[in-house]
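Peer 1: Here it is, the structure in full.
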Amino acid sequence: MRNLQALIFDVDGTLADTERDGHRVAFNRAFAQEGLDWDWTVDIYEDLLQVTGGKERIRFYLEKYRPDFALPENEADYIAGLHRAKTGFYTSMLAEGAIPLRPGVARLLGEARAEGIRLAIATTTTPENVEALLVHTLGEASMGWFEVIAAGDVVPAKKPAPDIYQLALQQLGLEAADCLAFEDSENGILSSGGAGLKTVITINDYTRSHDFKGACLVLDCLGEPGEAFSVLQGSASGHDYVNMDLLNQLHQIC
Ligand code: XBP
Ligand code: MG
């Protein structure tokens with residue numbers, strides 16, 4: 001039997017509920033600043049989330065909802081500029097403490113570190129966003145807790161492609177069988193599963209109805225002592241919050 005050696009975390013929706021009240025709002029602020037009347041409502045954003053990556057999401061929006069919008073000739077630069085503005089708004093929101101970590105995240109990271117379990121991140125979002133979230137929720141030192149932060153445009157294909165998890169594994173120097181992944185979405189588990197990783201899911205309002213076929217365990221959240229999670233798929237073998245004991249068991253049996 002191989003021992004569990006590392007945990008690899010998605011960021012958006014998994015470490016924190018960033019999409020509806022974070023990224024979505026920041027996109028809208030960037031559009032307004034540019035004088036655009038694009039309004040990404042909570043419902044439209046649910047549809048847009050099928051495409052990962054902010055620049056890719058803007059393109060998808062234009063194709064589906066604004067087919068008549070004439071992009072300037074330098075369209076990639078135009079979209080990149082809008083997206084840079086969005087990143088500015090988003091990181092400012094995080095600096096103001098707008099988005100907390102999800103329940104159990106800080107505790108589990110601490111328990112993993114105490115047991116010498118290695119930590120990594122595999123996300124579609126822009127690296128500045130990961131840094132802003134970690135620094136403003138866990139403090140400056142937390143950047144050093146993660147041996148690998150694989151984020152954004154560093155791979156040819158974003159989730160649901162497995163590339164970002166493959167990169168994280170390669171940088172950790174580990175096999176998929178040595179690790180567990182944490183995700184919140186169907187695109188996320190397609191990516192982690194595609195890289196051969198066993199995956200624990202914590203759903204959120206946008207991903208509740210997604211297909212999590214192949215997940216080790218699907219929960220509403222990681223839970224805390226005295227604040228139990230709800231199990232939506234799989235078995236938590238008597239646990240009511242996620243700790244290293246449960247993760248070691250899942251790693252062996254899942
Ligand atoms: C996250 C994303 C990202 C964020 C926005 O997906 O799809 O695009 O919504 O970030 P996952 P950027 O949680 O599966 O990694 O605008 O920086 O791309
Ligand atoms: Mg996610």
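Peer 1: Let's see if you can work this out: charge +1 on each Lys and Arg Cβ, -1 on each Asp and Glu Cβ, no other charges. What is the dipole magnitude of the chain about its Cα centre, in debye to the nearest 20?
Peer 2: Details: 20 positive and 38 negative charges, 82 e Å.
Charge dipole, the chain, about its Cα centre: 400 debye, nearest 20.
Peer 1: Let me ask something additional. Could you compute how fast region 157-197 diffuses translationally, taking Rh as the Kirkwood radius over C-alpha pairs and applying Stokes-Einstein at 20 °C with viscosity 1.002 mPa s? Give it in µm² per second.
Peer 2: This corresponds to a translational diffusion coefficient of 218 µm²/s.
Peer 1: Work out the charge dipole of the chain with +1 on the Cβ of Lys and Arg and -1 on the Cβ of Asp and Glu about the Cα centre, then indicate which of Tyr90, Phe212, Leu247 is farthest towards its positive end.
Peer 2: Selected residue: Leu247.
Peer 1: List the GluC sites (Glu not before Pro) in region 64-164 that DSSP assigns to loop (not H, G, I, E or B) and whose Cβ has at most 15 other Cβ atoms within 10 Å. Which are they?
Peer 2: Here the sparse-neighbourhood loop sites are Glu73, Glu96, Glu115, Glu147.
Peer 1: Averaging the inverse of every distinct alpha carbon separation and then flipping it gives the Kirkwood radius. What is it for region 106-254, in angstrom units?
Peer 2: Kirkwood radius, region 106-254: 15.8 Å.
Peer 1: To the nearest 10 degrees, how steep is helix 24-33 against the longest Cα principal axis of the chain, on a 0 to 90 scale?
Peer 2: Helix 24-33 sits roughly 20 degrees off the main axis of the chain.
Peer 1: Also, I was wondering about something else. Would you compute, from DSSP H runs of 4+ residues alone, the mean residue ellipticity of the chain at 222 nm, taking -39500 (n - 2.57) per run and dividing by the full residue count, rounded to the nearest 500?
Peer 2: Working: 9 runs with 101 residues, N = 254.
My calculation for the chain gives -12000 deg cm²/dmol from helical runs alone.
Peer 1: Give the shape of region 95-190 as rounded, prolate or oblate, defined through the alpha-carbon gyration tensor: a ≥ b ≥ c are the square roots of its eigenvalues, a/c under 1.5 means rounded, and otherwise the shape is prolate if a/b is larger than b/c and oblate if not.
Peer 2: oblate
Peer 1: To continue, here is another question. Antiparallel as a % of all DSSP beta bridges within the chain, to the nearest 5?
Peer 2: The antiparallel fraction comes to roughly 15 percent.
Peer 1: Taking amide hydrogens as modeled 1.01 Å from N in the peptide plane, which residues meet the under 5 Å criterion relative to Lys198, leaving out close sequence neighbours?
Peer 2: Ala181
Peer 1: I've got another one for you. Compute the longest continuous run of the chain that contains no exposed trypsin sites (Lys or Arg not before Pro); treat a site as exposed when its DSSP state is not H, G, I, E or B and it has at most 11 other Cβ atoms within 10 Å.
Peer 2: My reading of the result: 3-207 is the longest stretch.
Peer 1: Let me ask something else about it. Relative contact order for region 71-147: what percent, with Cα pairs under 8 Å and sequence separation of 6 or more?
Peer 2: 34 percent
Peer 1: Specify which residue in the list Leu138, Gly226, Val200 is farthest towards the positive end of the charge dipole of the chain, using unit charges on the beta carbon of Lys, Arg (+1) and Asp, Glu (-1), about the Cα centre.
Peer 2: Val200
Peer 1: Share of antiparallel DSSP beta bridges in region 128-254, in percent to the nearest 5? Please list the in-between numbers first.
Peer 2: Values: 3 of 10 bridges.
Restricted to region 128-254, the bridges split so that about 30 percent are antiparallel.
Peer 1: For the chain, take the convex hull of the Cα atoms, compute a quarter of its surface area, and give me that in nm², please. Working shown, then result.
Peer 2: Details: hull surface 53.4 nm².
The number I arrive at for the chain is 13.3 nm².
Peer 1: What are the extents of the Cα atoms of region 119-168 along their three principal axes, listed from largest to smallest and rounded to whole Å?
Peer 2: Extents along the principal axes, in whole Å: 31, 17, 14.
Peer 1: For region 21-155, what is Rg from Cα atoms divided by 2.2 N^0.38 Å, rounded to two decimals?
Peer 2: Details: Rg = 16.8 Å, N = 135, 2.2 N^0.38 = 14.2 Å.
Working it through for region 21-155, the quotient is 1.18.
Peer 1: So what are the three principal axis dimensions of region 173-218 from its Cα atoms, in whole Å, longest to shortest?
Peer 2: Dimensions of region 173-218 along the principal axes of its Cα atoms: 34, 15, 14 Å.
Peer 1: Dipole of region 120-226, Cα-centred, from +1 at each Lys and Arg C-beta and -1 at each Asp and Glu C-beta, to the nearest 20 debye? Don't skip to the end; give the middle numbers.
Peer 2: Numbers: 5 positive and 15 negative charges, 59 e Å.
Using Cβ point charges on Lys, Arg, Asp and Glu, region 120-226 gives about 280 debye.
Peer 1: Please report the net charge: other residues with Cβ closer than 11 Å to the Cβ of Ala168, K and R +1, D and E -1.
Peer 2: Value of the local net charge: -2.
Peer 1: Here's a follow-up. Out of Gly81, Gly139, Gly35, any idea which swings most in a Gaussian network model of the chain, alpha carbons joined below 10 Å?
Peer 2: Gly35
Peer 1: What share of all Cα pairs of region 169-254, in percent, falls into each consecutive 5 Å distance bin?
Peer 2: 3, 15, 27, 24, 19, 9, 3, 0
Peer 1: Another question about this same structure. Could you name the lysines in cross-link range of Lys55, using Cα to Cα under 27 Å and dropping any fewer than eight places away on the same chain?
Peer 2: Lys64, Lys86, Lys158, Lys159
Peer 1: Tilt of helix 127-138 relative to the longest C-alpha principal axis of the chain, in degrees (0 to 90, nearest 10)?
Peer 2: Approximately 50 degrees, to the nearest ten.
Peer 1: Further, regarding this structure: Averaging sequence separations of C-alpha pairs under 8 Å and six or more residues apart, then dividing by the length of region 155-227, give the relative contact order as a whole percent.
Peer 2: Relative contact order here is 27 percent.
Peer 1: OK, next. Among Leu174, Val148, Ile164, pick out the residue whose Cα is farthest towards the positive end of the charge dipole of region 147-187, where Lys and Arg carry +1 and Asp and Glu carry -1 on C-beta, about the Cα centre.
Peer 2: Working it through, the farthest residue towards the positive pole turns out to be Ile164.
Peer 1: Compute the relative contact order of the chain as a whole-number percentage, counting only Cα pairs closer than 8 Å that sit 6 or more residues apart in sequence.
Peer 2: RCO, the chain: 22 percent.
Peer 1: Okay, next question. Using the Karplus equation 6.51 cos²θ - 1.76 cosθ + 1.60 (θ = phi - 60°), what ³J(HN,Hα) coupling, rounded to whole Hz, does each residue of region 105-114 give in order, writing x for Gly and Pro?
Peer 2: Once θ is set to phi - 60°, the couplings for region 105-114 become 5, 4, 4, 5, 4, x, 5, 4, 4, 4 Hz.
Read the figures in this text as sums done on the coordinates, not as results from a lab. In this text the structure is predicted, and so the values were computed from the model without any measurement. Glycine also receives a Cβ, built like all others from the backbone with ideal geometry; neighbour counts cover every protein chain displayed.
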